[in-house]
Amino acid sequence: MDLSKRDRKLIWHPFTQEKLADLPVVIVKGKGCYLYDEKNNKYLDLISSWWVNLHGHAQPQIARSIYNQCCNLEHVLFAGYTHEPAVVLCEKLNSILPDELCKFFFSDNGSTAVEVALKMCYQYWKNKGLNKPLFLAFEGGYHGDTFGCMSVGLASDFHNIFTDLCFEVKFVPFPNTWIDDEDVEEKEQNALEVLQKCINENLEKIAGLIVEPLVQCSAGMKMCRPNFIRSVVQLLKKHDILTIFDEVATGFGRTGTYFALLQTEVVPDFLCLSKGITGGFLPLSLTITTLKIYNSFLGDTIRQAFLHGHSYTANPLGCAAAIASYDLLTTPETVDAIKKINQTHIEQIKILMKNCENVTRGRVTGTISAFDVNENVDMQNLKQNCLQEGILIRPLNRTVYLLPPYCITIVELIKSYQILISKLNE
Ligand SMILES: *Cc1c(COP(=O)(O)O)cnc(C)c1O
């Protein structure tokens, strides 16, 4: 029996209606920007395998770093023990983050990084003797699939079934914008007014606000301007409300800078990182916070401490992968590649918008480009047709986006746009 049928017999896949889904594509190899199936067809991975891959598949330096670490120390518990890869990784990240973000808490996926931020945020107030049970979040925001994450992501349409089990969150509009959007000022103004009103009505109760800065990824690559995020954070700081930046997807160069917060020029109280952190090799995540938060957990009893942790917290192999990935990310070549991908996106999205009548709202932030496709196009067909031409996309509802690994060549990227244009016009 072939592998996809053996898979179907035993395996339940994520985000999949198993009754309707085609048999899964068996991937046997990855190299650079390409994935290879059993028949040696190759697919250009334009979505970086759910946004985790930065430097290409099976990248040799990262592979070697993991191998070397495996031969020395594969894992050790992280309460009461530490190891060099964890410390070195935090030192490196510390050197490119704002000085205030200087306390690093490890976990092993994006959802738990967010869960940790929410719990720390809530407990910060508890430790000060205050009860603040309310969080604020943005409409459309997606923050992961555990219960805390679902609660702050309830206005994303992903978790409706679990509404009754989630805690209380107030949602404010996200002023998403695109190239040549004429109403952006008005949308931002409105969002800030709704936020101000919500703060006025609930001030005593609000622990914090969570946001995906610059790009709401799962919502369909919805983009906002850095200024808006800055205004939000300034407003919150004025009212002593904590902010959580969920950069699980936007971190590590995706928005054009190492982190989106470097463009918003404001510092949140918590920063959540995962996905690209290991270059797409191993699960790892970080919740990074300030001395103000950290110090509130210090005390003479365990009661004030943060009693949370996972078996694989700060796994040395994950840290070794993350160090190698960081070293690649910060080379002049990668910094330059990110810039070139951005320029190509801006050029090509304009060409695509001009040549396809069935698309709207072209938009670009850093290495992410996206556009919306109207109802005349069957998205499943579009995806299949692209796959047949060797490019792997995975539209979010009616949004097509390109989020390639940084090792993609400009020629490959332009070719991808050409394929998209021709498939959209079929
Ligand atoms: C993917 C994602 C998460 C969840 O991360 P997982 O590793 O899938 O649990 C959280 N926040 C954002 C913004 C994400 O894109």
Where Rh is the Kirkwood radius over the Cα pairs of the stretch 157-224, the temperature 4 °C and the viscosity 1.567 mPa s, what D in µm²/s does Stokes-Einstein return? 93 µm²/s
Roughly how much of residue 398 is accessible, in Å² to the nearest 10, using a 1.4 Å probe? 60 Å²
Could you give me D for the stretch 41-137, from Stokes-Einstein at 20 °C and 1.002 mPa s, where the hydrodynamic radius is the Kirkwood radius over C-alpha pairs? Units µm² s⁻¹, please. 124 µm²/s
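Using DSSP, restrict attention to beta bridges with both residues in the chain and report what percent are antiparallel, rounded to the nearest 5.
Numbers: 30 of 46 bridges.
Percentage antiparallel, nearest 5: 65.
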Accessible-area value, residue 22, 1.4 Å probe, nucleic acids and ligands omitted, Å²: 110 Å²
Cα-based radius of gyration of the stretch 211-340 once divided by 2.2 N^0.38 Å, which approximates compact folds: 1.17
Could you tell me the accessible area of residue 353 in Å² (1.4 Å probe, neighbours in place), rounded to the nearest ten? 60 Å²
In what sequence, largest accessible area first, do 51, 12 appear using a 1.4 Å probe? 12, 51
Which value, in Å², gives the accessible area per residue of the chain when a 1.4 Å probe is used on the protein heavy atoms? 47 Å²
Rounded percent of accessible protein surface that carbon and sulfur make up, the stretch 18-100, 1.4 Å probe: 54 percent
Only Cα pairs under 8 Å and at least 6 apart count here; give the relative contact order of the chain as a rounded whole percent. 22 percent
So what's the Cα pair-distance distribution over the chain, bin width 10 Å, in %? 4, 21, 31, 27, 13, 3, 0
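Of 336, 180, which has the most accessible area and how do the rest follow, probe 1.4 Å? It would help to have the intermediate numbers written out before the result.
Working: 336 65, 180 140 Å².
Final ranking, largest accessible area leading: 180, 336.
Take the cross-link list 5/42; 119/275; 39/339 and give me the ones stretching past 30 Å between alpha-carbons. Write out the running numbers ahead of the final one.
Values: 5/42 21 Å; 119/275 21 Å; 39/339 35 Å.
39/339, as the Cα separations exceed 30 Å there.
Would you kindly calculate the translational diffusion coefficient of the stretch 281-331, applying Stokes-Einstein with the Kirkwood radius from alpha carbon pairs, for 10 °C and a viscosity of 1.306 mPa s, and quote it in µm² s⁻¹ without decimals? All intermediate terms of the calculation are to be shown ahead of the outcome.
Numbers: Rh = 13.5 Å.
This corresponds to a translational diffusion coefficient of 118 µm²/s.
The values are calculated or read from the model by the stated rules, or taken from the named source; none is laboratory data. Keep in mind the model is a prediction, meaning the values are calculated, not measured. Note: areas computed on protein heavy atoms with side chains; ligands, DNA, RNA excluded. Shrake-Rupley method; radii C 1.70, N 1.55, O 1.52, S 1.80 Å.
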